[in-house]
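Okay, so here's the structure we're looking at.
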Amino acid sequence: MKSSGILEKYRSLLNLPAHTKTISLGEGETPLIPIPHIAEELGGGFDLYVKYEGLNPTGSFKDGGMVAAVSEALGAGAKTVICASTGNTAASAAAYATRAGMKAIVLIPDGKVARGKLVASVVYGAKVIQIKGSFDDALKLVVEITKKHPIALVNSINPYRLEGQKTAAFEIVDQLGKAPDLLCIPVGNAGNINAYAMGFAQYDGLKKTGVPEFLGVQASGAAPLVIGKIVEKPDTIATAIRIGNPARGKQALEVVRKHGGKIIAVDDKEILAAQRRLALDGIWVEPASAAGLAGLMKEIKEKKLNVKGKKIVIVCTGNGLKDPDIIEMAKPVLIEPTLEMLEKAVL
Ligand code: AN7
């Protein structure tokens with residue numbers, strides 16, 4: 001079957017202007033993968049799934065939002081899009097802009113952008129500008145420049161990003177038959193948790209499918225929504241969520257107030273352990289994407305969460321292939337190409 005992408009599939013449910021010119025790279029339709037072994041290790045008695053958004057065209061959930069934002073910008077006559085990014089938004093903006101025949105300009109923070117994301121932006125033809133500052137500084141700048149010049153802003157402040165990203169909630173409900181009881185999700189700039197809340201609430205309004213509670217998870221070195229104030233120098237190995245002043249932070253707190261749940265922080269060690277555990281189940285995600293599982297593990301370990309009988313979905317937002325450098329590995333063994341040496345190595 002040909003891939004038509006999420007805009008065609010869900011068009012009647014998306015609040016996009018009539019001028020939107022739909023493009024697609026076949027985003028969406030990502031798998032909901034059961035991970036029963038991990039559920040057992042955590043005590044069992046509940047159903048656990050990964051919504052693997054890292055299988056989108058550019059390797060992250062950003063594609064669902066970006067296809068909507070770029071399609072709208074194209075229809076509105078924009079020639080150029082711009083974003084600030086810790087990497088994944090940049091790669092996605094670059095791919096969709098070039099697909100639409102537009103230019104992309106991406107601003108990335110000084111250092112600490114995973115190599116696969118930077119390379120992706122370059123290979124898709126974006127103009128990559130690194131600033132001597134953080135993601136939060138970059139976001140301020142792109143907001144300013146788009147107020148002054150006719151360049152379309154495609155960060156998740158752009159409402160069409162959330163319109164696209166909310167389709168992942170529709171997909172989960174379609175895959176499970178109803179909304180899960182709990183959604184565990186990494187939180188950086190806090191666009192995605194809001195998009196899921198919108199999607200679940202909209203489907204619930206139409207089909208009474210329910211809305212989950214939310215476990216939003218930040219990295220402890222970049223956890224403004226947990227400590228209740230802006231983090232000037234956010235720091236974590238989960239570079240995707242190295243964000244100290246989330247644009248939709250207040251709204252994210254409102255999501256957990258309204259639907260239940262909370263936003264917590266996990267440290268880098270916990271993130272890496274969750275990443276490793278998922279990989280040993282065959283699902284390699286980037287560190288930020290493992291935050292959801294890290295948060296769930298922590299809550300269960302500290303007995304702060306009753307999971308019995310529940311359906312729990314962990315959103316894994318990005319593909320591990322984007323950030324191979326974070327994996328510590330020994331050099332593979334090197335042998336002479338003989339059967340004798342192979343037998344010695346494997347038996
Ligand atoms: C893999 O690319 O902010 O809470 O500029 O790449 O919606 O920000 C990335 C964020 C989670 C957090 N997981 O989502 C960017 C950027 C991955 C990410 C998040 C990001 P939001």
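The count of lysine pairs in segment 62-159 whose Cα atoms are under 22 Å apart, excluding pairs fewer than 8 places apart on the same chain, comes to 29.
Starting from the Cα of GLN175, move 7 Å in the Cα-to-Cβ direction to define the label point; list residues of segment 1-30 whose amide nitrogen is under 14 Å from there. From segment 1-30, the list is 28-30.
For ILE131 and VAL346, the FRET efficiency from 1/(1 + (r/R0)^6), where r spans their Cβ atoms and R0 equals 56 Å, is about 0.65. Using a Gaussian network model of the chain in which every pair of alpha carbons under 10 angstrom is joined by a spring, one finds that among VAL285, VAL313, VAL231 the greatest mean-square fluctuation is at VAL231. Say we join alpha carbon atoms closer than 10 Å with springs in a Gaussian network model of the chain; which of THR146, THR239, THR86 then has the biggest fluctuation? So, out of THR146, THR239, THR86, the one fluctuating most is THR146.
Counting every pair of alpha carbons in segment 154-250, the share spaced more than 16 Å apart comes to 56 percent. Between amide H atoms placed 1.01 Å from N, distances below 5 Å from CYS184 occur with LEU215, VAL313, ILE314, VAL315, all of them 5 or more places distant or on a separate chain. Computed per residue of the chain from DSSP H runs no shorter than four, each worth -39500 (n - 2.57), the mean residue ellipticity at 222 nm is -12000 deg cm²/dmol. Volume of the convex hull of the chain (Cα atoms only), normalised per residue: 160 Å³. Applying the Karplus relation 6.51 cos²θ - 1.76 cosθ + 1.60 with θ = phi - 60° to segment 17-34 yields 3J(HN,Hα) values of x, 4, 6, 4, 9, 5, 10, 6, 10, x, 5, x, 6, 7, x, 10, 9, x Hz, where x marks Gly and Pro.
On a per residue basis, the convex hull of the C-alpha atoms belonging to segment 62-159 measures out at 80 Å³.
Scoring 184-190, 270-276 by mean Cβ neighbours within 10 Å over their residues and listing the highest first yields 184-190, 270-276. Of the GluC sites (Glu not before Pro) found in segment 279-328, those in coil by DSSP whose Cβ has at most 16 other Cβ atoms within 10 Å are GLU302, GLU328. For the chain, a Gaussian network of Cα nodes joined below 10 Å ranks ALA201, ALA73, ALA18 by mean-square fluctuation, and the top entry is ALA18.
Hey, what did segment 113-203 get for relative contact order, percent, Cα under 8 Å, at least 6 apart? Relative contact order for segment 113-203 comes out at 24 percent.
Label separation (LYS308 vs MET329): 4.2 nm, computed from points 7 Å beyond Cα along the C-beta direction. May I ask you to list the residues of segment 75-89 whose amide nitrogen lies under 15 Å from a point 7 Å from Cα along the Cα→beta-carbon direction of GLU144? Hits in segment 75-89 for GLU144 at 15 Å: 84.
Ordering TYR52, TYR96 from the fewest to the most neighbouring beta carbons within 10 Å gives TYR52, TYR96.
Read-outs throughout are calculated quantities, based only on the coordinates presented, and are distinct from any laboratory measurement. Please read these numbers as outputs of a predicted model, since none were measured by experiment. Quick reminder, even Gly has a Cβ in these numbers, built from the backbone with ideal geometry, and neighbours come from all protein chains shown.
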